[in-house]
Each structure stands twice: as C-alpha cells, then as structure tokens.
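*Asks:* After the structure tokens below, expect a handful of questions from me.
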Amino acid sequence: MFTVNATIQRLIRLAPLSLGCSIALTLLQFPGLAQITRATIADIVGGDRVYIEQTQAYIRDLAEFGEEVSTEDTRAQLDFDNGAAGRLQRFSNVQIGQCVEVQDGTLVASGPIDGCVSGFLVRVEGTIFTIDRATNTATSDIKTLEGQVELVTQNNPNPSNPVLIPAGQKVSVRPGQPLSSIVPQPMTKGEYCSIIRGDLFQGFRNPLPNEDRLEEVVVRLYGSPCDTFPVIW
C-alpha cells in the first residue's frame, strides 16, 4: 500500500512539471508570438457595459485565455499578464489568446502583444498600434503609432518578406488578400493626431506603456506637435 501511494504522490508532483515543459516547448515553436494567458479589466470609461463571455465585467475581473471581452457604449482598458496593455473602443469585441483577435471594433495595444484580424497576424516588439475592424465591411485597418510592426498571415507566420509598417503608416486588409498586394500608406497628421487625442487615449486613469513617446513621434514625423493642428472630434 505504501508503494502505491508513494508512486501516486510522485506522479502528482511531476504532473505540473510535465505540463509546464509541454507548454514551454509549444511556445518555443512560435517564438514570434507574445506569451499572453489572461487579461485584467484595468479601467472602464464612459459607462459600465463591459463583458467577459457575455457576463458583465468589472474592474479587476480576469479574462482567461480563449475568452472574449466586449464593450457596448463603453471603453475599457485591459492589462495583460506579460506587461502589455490595450484599450477597446466602444462596441468592440476581442478574444484573448497568443494573438489578441479583433472581431469587431477597435483595439489600441502597446507592449509585447501581437494582434490578429481577418487571417492576418500583427507581430510586435514593444510597439503601439491600432486595429480597426468595421462590422459592415470586410476591410480592416492597421495603423502603427510608435515603433514598427510586421504583418504576416496566420497560416504562414514566417514568410520571407513580411510587410513592415513603421510609425505613421497604415494598411487595409481583407480576408484572403495576398500579402504581396499589401502596401503601407502614410497617415496624415490629422489622422494621427485624431487617434492620440481621441477616445482611445482620453479619460483613462493609467497610460499605456510608452504612451509618452507619441508626442515625440508626431514631431519627428510631421515637424510639429498635435497642439498646432486642429483636431476634429
């Protein structure tokens, strides 16, 4: 009886280690993916209509891997467990995973957090970018605010020529669109300033990682800060 119990106890002790090794090996196979397993509702702005899997959520609630977070007429900030953060515009829906998938609406993200939309993967390293997927159109927009992102397809995450989108540029993508046909275009100063002075950046209690760099990026890209440009709300 002692031998059986000791064996069982040893297997129980080893099970978490074995599971951890399996997870680690899986992550090593996908080195470009940010390692996210959960998100915390860090802030809610302009209402209370934030949901995790269709259940109303509150500040400090957790969304686990694979769960959906959505907003109605409310904005929300998510803090991810790897130090990255993101914000949802009103009427947005994302799924938490190795890439944060935008299913509807708009996400702004900063830090080591990959995004995905319409079969495309946005790979980052400490970058600030937005993904906007409109409900009534098949087109999604990806805009880089700081740093640079790599755009690839989810079914081929390591192509020889990813699309590079530096700060101040944007692309529009459609499901099934060939990567080779996607060409980044410059954002105007009005577009850029409307984002960083708009709902995704106003009214939140805590800044996104590296948010303080955005005004410097504006000056570098456009020659003057946003306060010299009339932003239309």
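*Asks:* For residues that are surrounded by fewer than 14 Cβ atoms within 10 Å (Cβ to Cβ) and under 20 Å from the mean Cα position of the chain (by Cα), tally how many sit in segment 173-187. Give the steps one after another, and end with the answer.
*Replies:* Step one: list which residues in segment 173-187 are surrounded by fewer than 14 Cβ atoms within 10 Å (Cβ to Cβ), which gives 175-176, 178, 180-181, 183, 185-186.
Still in the running and under 20 Å from the mean Cα position of the chain (by Cα): 175.
So the answer is 1.
*Asks:* Give segment 65-78 a look and list any residue that's touching a Ser or Thr at 6+ places or on another chain (Cβ under 8 Å) and farther than 19 Å from GLY111 by Cβ, or say none.
*Replies:* Hits for segment 65-78 are SER70, THR71.
*Asks:* In the set VAL152, VAL171, VAL183, VAL217, which member is more than 16 Å from GLY115 (Cβ to Cβ), in contact with a strand residue (DSSP E or B) (Cβ under 8 Å, 6 or more places away or on another chain) and in contact (Cβ under 8 Å) with a residue 24 or more places away in the chain? First the steps, then the outcome.
*Replies:* Values: VAL152 fails: more than 16 Å from GLY115 (Cβ to Cβ); VAL171 fails: more than 16 Å from GLY115 (Cβ to Cβ); VAL183 fails: in contact (Cβ under 8 Å) with a residue 24 or more places away in the chain.
Exactly one residue qualifies, and that residue is VAL217.
*Asks:* Right, next: GLY190 versus (1) in contact with a Ser or Thr (Cβ under 9 Å, 6 or more places away or on another chain); (2) outside any strand (DSSP E or B); (3) at pLDDT 95 or above; (4) surrounded by fewer than 20 Cβ atoms within 10 Å (Cβ to Cβ): which is the lone unmet condition?
*Replies:* (1)
*Asks:* Also: For segment 70-82, give me each residue that is within 12 Å of the chain's Cα centre (by Cα) and of a type outside the set (S, T, N, Q).
*Replies:* LEU78, ASP79, PHE80
*Asks:* Is it the case, given these coordinates, that VAL152 is surrounded by 24 or more Cβ atoms within 10 Å (Cβ to Cβ), of a type outside the set (Ser, Thr, Tyr), assigned by TED's automatic domain parsing to the domain that holds ALA63 and part of a strand (DSSP E or B)?
*Replies:* Working: surrounded by 24 or more Cβ atoms within 10 Å (Cβ to Cβ): no; of a type outside the set (Ser, Thr, Tyr): yes; assigned by TED's automatic domain parsing to the domain that holds ALA63: yes; part of a strand (DSSP E or B): yes.
Taking the combined requirement at face value, the residue does not satisfy it.
*Asks:* Against the conditions (1) without any contact (Cβ under 8 Å) to a residue 60 or more places away in the chain; (2) in a loop (DSSP other than H, G, I, E, B), where does LEU200 fall short? Just the number, please.
*Replies:* (1)
*Asks:* Moving on to the next point. Please pick out the residue among GLU125, GLU215 that is in contact with a Cys (Cβ under 8 Å, 6 or more places away or on another chain) and not polar (S, T, N, Q).
*Replies:* Result of the check over GLU125, GLU215: GLU215.
The values are calculated or read from the model by the stated rules, or taken from the named source; none is laboratory data. Just so it is clear, the structure is predicted and the values come from calculations on it, not from any experiment. Glycine gets a Cβ as well: all are built from the backbone with ideal geometry, and neighbour counts include every protein chain shown.
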